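What follows is a set of notes on a single structure, which appears directly below.
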Amino acid sequence: MSFLELVKNRYSVRSYEQRAIDPEKLQYVMECTRLSPSAVNLQPWKFYIVSKPEDCAKIRECYHRDWFNEAPMYIIACSNHDESWKRRRSEPKDHADIDISIAVEHLCLAAAEVGLGTCWVCNFDVELCRSHFGIAAPYEPAVLIPIGYPTTDVVPEKTRKPMDEVFINL
């Protein structure tokens, strides 16, 4: 599969089969995530794998959607603003959110490549997540990623802005 095909086939999965993820596939996804680039290679992140039934029940308390409860496993992507690179020349700019976004998208694309589905979840109870999983500062839970086998092979149609609205030739 070409990279373009992979990007076209990756979508936000909101319906998962109730079966365990093959350990080799999870290991592959984790390795692709680990190798993600970050500003100045500081890698200001930690990823918590949530797979035990009692922990899955806890993470489901942090985001209340029926579809979210279907996932067999979750990953909590956390950024560290103390370790991230800051641009200092003009206006200060913390790159922790950019770095975690790059890593999470590597995770999602790697998962799609091996037949797994994911979905970015950013609107969740951060403090409850911290409490349930003992995530202390300076780490910040940034994204919850449900992961598992999608219940369908049908990729929903995507609508995107046309190329001339996205790219400006100078």
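The values are calculated or read from the model by the stated rules, or taken from the named source; none is laboratory data. On a predicted model such as this, the values are computed, not experimentally measured, just so you know. We place every Cβ from the backbone using ideal geometry, glycine too, and count neighbours over all the protein chains shown. Surface accessibility is based on the protein's heavy atoms, side chains included, excluding ligands, DNA and RNA. Shrake-Rupley method; radii C 1.70, N 1.55, O 1.52, S 1.80 Å.
Side notes on the structure shown:
- Most positive-pole-ward Cα, Asn169, Ile135, His64, against dipole of the chain from beta carbon charges: Asn169
- For the chain, fraction of C-alpha pairs farther apart than 28 Å, in %: 27 percent
- In Å, descending, principal axis extents of the Cα set of region 126-166: 43, 32, 12
- Pairs with C-alpha atoms separated by more than 28 Å, drawn from the list Lys46/Lys86; Lys8/Lys52; Lys46/Lys161; Lys46/Lys93; Lys25/Lys158, are Lys8/Lys52; Lys46/Lys161.
- For the pair Val154 and Ile98, the difference between a 0.36 nm per residue extended length and the Cα-Cα distance amounts to 17.1 nm.
- The listed residues Val121, Val154, Val126, once ranked by accessible area (1.4 Å probe) with the largest placed first, stand as Val154, Val126, Val121.
- Once the chain from Phe167 to Met30 is taken as fully extended at 0.36 nm per residue, the excess over their C-alpha distance is 46.1 nm.
- Rounded to whole Hz, the Karplus (6.51, -1.76, 1.60) HN-Hα couplings of region 49-54, x for glycine and proline: 8, 10, 9, 5, x, 5
- Between Tyr16 and Thr151, the built amide H atoms are under 5 Å apart, and every one of these is 5 or more places off in sequence or on another chain.
- The accessible surface of the chain, taken with every protein chain in place and a 1.4 Å probe, is 53 percent carbon and sulfur.
- Compactness of region 1-97 - radius of gyration and Dmax, Cα, Å: 16.8, 50
- Contour excess over end-to-end distance, with Cα ends at Arg65 and Glu5 and 0.36 nm allotted per residue: 18.6 nm
- The residues of the chain expose, per residue, 60 Å² of accessible area to a 1.4 Å probe.
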